[in-house]
Structure formats: structure tokens, C-alpha cells
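**Q** For reference, the structure I am asking about is given below.
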Amino acid sequence: MKIPYGYVLDGEKIVIHKERADTVQSIFEYYLAGASLGKIVDMLFAKGIPSPTGNSKWTRAAVDKLLANKKYIPIVGMKVYLDAQFEKDHRCNVDYEKVGHPRKTARYRSPLLK
């Protein structure tokens, strides 16, 4: 079993790792503030925070998986987690209801770029 980022094994118990939990909270906060996955990756790299695999730079996929993982509810809280899920759905440019050309015509614009 792989222990999610933000947690650590303490004996036989899995507990929250304080410093990594702060990183998880920062990722959710930046995302809900309008930062793209790429901007979050850049922020983590600028702060020198290594990825869960130990690489110096995170991937967008790693950040996306972290935002979607229910195991982070104890760290960020139910409201923040659900807000992130609604935001992910809002930003998604795929319309699963459409047949043929499932892309939405309107693209998401980050409020941080204004």
C-alpha cells in the first residue's frame, strides 16, 4: 500500500505529516484562488518542494490526482475538497453530453491572468 502525500507511517498508524499537509492545503488554496495546474507546479518548484516521487518538479498529473483524491478530506476539510471538485468540473473543457465534438466552445480563463 502506498501512503498518500501528506501522510506518514507512525508505527502501525498512518498519521498526517504536518509540513506536507501544509503543502497539500497550499495546493488546494492556490487552485481555488484560480491558479492553473501549471501555475501550481511552478509555485511548488519555486518553493523547492519535491514531488511525492522525490523529483525536484511536480507534474500537472500529480497535482490533478492530489486535488481529486478523497484521502485529503481530513487535511483540507470537506468544504474545500468539494469546492475543488466543483472548480475542476467548471474548468473542464470536455462536454460529456455532446456526441462527435465533445469540446466546449468557451474556454476557462484564470482570474489570475486578468
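**Q** Under 15 Å from a label point 7 Å along Cα→Cβ of residue 55: give me every residue in segment 13-38 with its amide N that close.
**A** 38
**Q** Peptides 60-71, 1-12: what's the order by average Cβ count within 10 Å, highest mean first?
**A** Values: 60-71: 15.5, 1-12: 12.8.
Ranking, from highest mean packing down: 60-71, 1-12.
**Q** Do any GluC sites (Glu not before Pro) in segment 18-91 lie in a loop, going by DSSP, with at most 11 other beta-carbon atoms within 10 Å of their beta carbon, and if so which? Can you show the working numbers first?
**A** Details: sites: 19, 29, 87; in loops: none.
Filter output for segment 18-91: empty list.
**Q** Something else now. With every protein chain in place, what's the accessible area of residue 53 (1.4 Å probe, Å², nearest 10)?
**A** The value for residue 53 is about 110 Å².
**Q** Then there is this: Which ³J(HN,Hα) values in Hz, rounded to whole numbers, follow from the phi angles of segment 54-64 under the Karplus curve 6.51 cos²θ - 1.76 cosθ + 1.60, where θ = phi - 60° and Gly and Pro get x?
**A** x, 5, 6, 10, 6, 9, 4, 4, 5, 5, 4
The values are calculated or read from the model by the stated rules, or taken from the named source; none is laboratory data. Values in this document were obtained by computation on a predicted structure and should not be read as measured data. Methodologically, a virtual Cβ is constructed for each residue, glycine included, from the backbone with ideal geometry; neighbour enumeration extends over all protein chains shown. For the accessible areas, the whole protein counts, side chains as well, though only heavy atoms, and no ligand, DNA or RNA atoms are used. Shrake-Rupley method; radii C 1.70, N 1.55, O 1.52, S 1.80 Å.
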